[in-house]
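Only one structure is covered here, and it is reproduced in the block below.
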Amino acid sequence: MFFKCIEVGDILTNCYIFGEKEVVIIDPGDDATKIENVIVENKLVPCAILLTHGHFDHILGCHYLKQRFKLPIYAHENEKEILLNPAYNLSYIVGCEVTINCDEYFKDGDVLEFGDLSFKVIHTPGHTPGSSCFLYGGDILFSGDTLFKDSYGRCDLPLGDERQIFESIKNKLLTLSKSTKVYPGHGIPTTIGDELKNF
């Protein structure tokens, strides 16, 4: 299994490259050529870009990588408004108004399959309306900006909702196996068991 976390951009977003020879790219937030180099140097075959949500620090590398590797982009159907509005995805702040038209929109409970890879979508609104986590194999969770080590995503940005994020974490994430390893959008990994102590 190939598993690489690359810190990208000024906000140090975690971009994950995950799979066997066929891999998915999760949240290419910037530094697209750095991500490209990892793929090329390891002779990997990317098959999709998965977005946990649509804030600029998770999407700035999408256009380059989509064109470079002819990749479809996936996000939750409730994230369209964020992805298509630079004021909501905050890309205007960094002086490059970015919009993303996804190729595929998923919903809660969908199973995304790419070759031998299979991810269950867990819709976790709160940080943004379409914020989602990807569960692989029952014990690996890519949590985006919903759940961090000892913390959770901010909700004071456009369309954020603090009540929703607490409900998402309590009802959808903390019910997973305590041994589930959590790989967040920023910072270091944690586990569901460790985060149960914080909520």
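Residues that are exposed (fewer than 14 other Cβ atoms within 10 Å of the Cβ) and either in contact with a helix residue (DSSP H, G or I) (Cβ under 6 Å, 6 or more places away or on another chain) or of a type outside the set (Ser, Thr, Tyr) (or both) occur in region 142-155; there is at least one. Evaluating residue 146 against the criteria (1) touching a residue at least 24 places away in the same chain (Cβ under 8 Å); (2) hydroxyl-bearing (Ser, Thr, Tyr); (3) farther than 16 Å from residue 52 by Cβ leaves one unmet condition, (3). Quick one: count up the residues across region 97-137 that are open to solvent by 50 Å² or more (accessible area, probe 1.4 Å) and out of contact with any Phe, Trp or Tyr (no Cβ under 6 Å at 6 or more places or on another chain). Qualifying residue count, region 97-137: 13. Of all positions in region 166-178, none carries a residue that is closer than 21 Å to residue 88 by Cα, surrounded by fewer than 17 Cβ atoms within 10 Å (Cβ to Cβ), among the acidic types (Asp, Glu) and more than 18 Å from the chain's Cα centre (by Cα). Scanning region 184-199 for residues that are under 15 Å from residue 53 (Cβ atoms), buried (at least 20 other Cβ atoms within 10 Å of the Cβ) and not small (Gly, Ala, Ser) yields a single hit, 184. Listed by first and then second residue, the pairs linking a residue in region 79-94 that is at positive phi to a residue that is open to solvent by less than 80 Å² (accessible area, probe 1.4 Å), with Cβ atoms under 6 Å apart and 6 or more places separating them unless they lie on different chains, are 90/55; 90/56.
The values are calculated or read from the model by the stated rules, or taken from the named source; none is laboratory data. Source: prediction; values computed, not measured. All Cβ positions, even for glycine, are placed from backbone atoms using ideal geometry, and neighbour counts span all protein chains on display. Please note that ligands, DNA and RNA were not included when accessible areas were found on the heavy atoms of the full protein model with its side chains. Shrake-Rupley method; radii C 1.70, N 1.55, O 1.52, S 1.80 Å.
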